[in-house]
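The structure under discussion appears below in the form of structure tokens.
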């Protein structure tokens, strides 16, 4: 089936979804009014040091403050004269917003700066050279690592992205050179800026989404916005990009995206078999319950339960992506009373979550038969967006 990225406006949001020919399997929601600060690099000012947790609170923008772990940031870039390497109240420091505020939690700031391109990410504060898990050519990894080490040294490293599979080494190294120039330019200018200054703003989330996915077996990128179309010409190949211009049937209607958004607000998700999921959120975690529902045939048969559980596992992985659920997720599958089927179910679930662009881990099944999943927190989930 044809895989497409669909980008369209809906109210104040820009919706970007990956459609597999049958349904949407992934979704990004960009709030045009909020203007997400995630990934921004600021000149921050240390306003408080909390010694008992080895952390600081840093004011970074318009009197906003964020949490900063001193233990996790060993290479801060101080922008003021100092007689000590220790962070002190009043210090000016270059920081990146790595996590937005979630409920009552402060935003998280870090000195680990990132500058991302199509093929690589420069990482200040981490000198390692890492490769995407989908970069599978071992010989090329070794030769590219040697070339990078010969050319660069310092307090930064690189992450080689999946997209680099489609590029030659010269293209990758040339982009790295641009990223190094960008990083050094930001650091140099920051010394002359006042606290609260924004030194770097990453691309908008829908641009990043396209940049990260369009080479990964995506056949077409379709948008009905001229502005977005011209923005994306700098991000992806023009031959895959199409401007949709049928005013009688806009993209949001053609792909039933309004119905999709409404479905993401509901707790209950029906499956083709007649079974259903119940998705609920608490302060500490999210819970997903699998119910047999209308699927009554062979209710006492563990093999029938296994089929329903596998169907549920596939849909749960999809719902995690569509709803952008994060943190701890606990799933109560139908009890099969069969350890071998439990093991096969976990393997199926792991295969499904491996398709996620955000790091998702199936931890294990507890003695009570509850499956534990963790998904990295980045942006607020759909249920917190007040759509």
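The values are calculated or read from the model by the stated rules, or taken from the named source; none is laboratory data. Just so it is clear, the model here is predicted, and its values are computed rather than measured. Here Cβ is always computed from backbone atoms with ideal geometry, including for glycine, and neighbour counts include all displayed protein chains.
Do you know which residues across segment 64-89 are more than 23 Å from residue 154 (Cβ to Cβ) and touching a residue at least 24 places away in the same chain (Cβ under 8 Å)?
The answer is 64, 65, 66, 67, 88, 89.
Of the conditions (1) under 23 Å from residue 152 (Cα atoms); (2) modelled with pLDDT of 90 or more, residue 107 clears all except one; give me its number.
The failed condition is (1).
Output the strands (runs of 3 or more DSSP E) that fall wholly within segment 5-79 and possess 3 or more residues being over 30 Å from residue 228 (Cα atoms), or say none.
By residue number, 41-50, 55-61, 64-69.
Which condition number does residue 127 fail, the rest of (1) farther than 17 Å from residue 202 by Cα; (2) not in a loop (DSSP other than H, G, I, E, B) being met?
Here residue 127 clears every test but (2).
Which one is surrounded by the fewest Cβ atoms within 10 Å (Cβ to Cβ) among residues in segment 146-174 that are within 24 Å of the chain's Cα centre (by Cα) and assigned to a helix (DSSP H, G or I)?
Only one residue tops the list, namely 166.
Take the conditions within 28 Å of residue 42 (Cβ to Cβ), in contact (Cβ under 8 Å) with a residue 12 or more places away in the chain and surrounded by fewer than 17 Cβ atoms within 10 Å (Cβ to Cβ) and apply them to residue 185. Does it pass?
No, not satisfied.
Quick one: in segment 358-387, which of the residues that are modelled with pLDDT of 85 or more and part of a loop (DSSP other than H, G, I, E, B) is surrounded by the most Cβ atoms within 10 Å (Cβ to Cβ)?
Checking each candidate, the answer is 381.
Which residue out of 344, 352, 367 is without any contact (Cβ under 8 Å) to a residue 12 or more places away in the chain and either over 21 Å from residue 257 (Cβ atoms) or touching a helix residue (DSSP H, G or I) at 6+ places or on another chain (Cβ under 8 Å) (or both)?
367
Taking residue 49 as meeting all but one of (1) touching a strand residue (DSSP E or B) at 6+ places or on another chain (Cβ under 8 Å); (2) farther than 20 Å from residue 208 by Cα; (3) surrounded by fewer than 16 Cβ atoms within 10 Å (Cβ to Cβ), write down the number of the exception.
Every condition holds for residue 49 apart from (3).
Please verify whether segment 325-346 includes one or more residues that are part of a helix (DSSP H, G or I) and within 26 Å of residue 5 (Cβ to Cβ).
No.
Each row is one residue, and each column tells you yes or no for (1) without any contact (Cβ under 8 Å) to a residue 12 or more places away in the chain; (2) touching a helix residue (DSSP H, G or I) at 6+ places or on another chain (Cβ under 8 Å); (3) within 26 Å of residue 386 (Cα to Cα); (4) surrounded by 13 or more Cβ atoms within 10 Å (Cβ to Cβ).
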{"residue": "235", "(1), (2), (3), (4)": "no, yes, no, yes"}
{"residue": "247", "(1), (2), (3), (4)": "yes, no, no, no"}
{"residue": "250", "(1), (2), (3), (4)": "no, no, yes, yes"}
{"residue": "259", "(1), (2), (3), (4)": "yes, no, yes, no"}
{"residue": "268", "(1), (2), (3), (4)": "yes, no, yes, no"}
{"residue": "272", "(1), (2), (3), (4)": "no, yes, no, no"}
{"residue": "275", "(1), (2), (3), (4)": "no, yes, no, yes"}
{"residue": "294", "(1), (2), (3), (4)": "no, no, no, no"}
{"residue": "308", "(1), (2), (3), (4)": "no, no, no, yes"}
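Show the residue pairs that are 6+ apart or on different chains and have beta-carbon atoms under 6 Å apart, the first residue being within segment 1-15 and touching a residue at least 24 places away in the same chain (Cβ under 8 Å), the second being surrounded by 18 or more Cβ atoms within 10 Å (Cβ to Cβ) and part of a loop (DSSP other than H, G, I, E, B).
Between residues of segment 1-15 that are touching a residue at least 24 places away in the same chain (Cβ under 8 Å) and residues that are surrounded by 18 or more Cβ atoms within 10 Å (Cβ to Cβ) and part of a loop (DSSP other than H, G, I, E, B), the close pairs are 6/255; 8/224.
Among the residues of segment 114-129, is there at least one that is touching a residue at least 12 places away in the same chain (Cβ under 8 Å) and closer than 23 Å to residue 62 by Cβ?
yes
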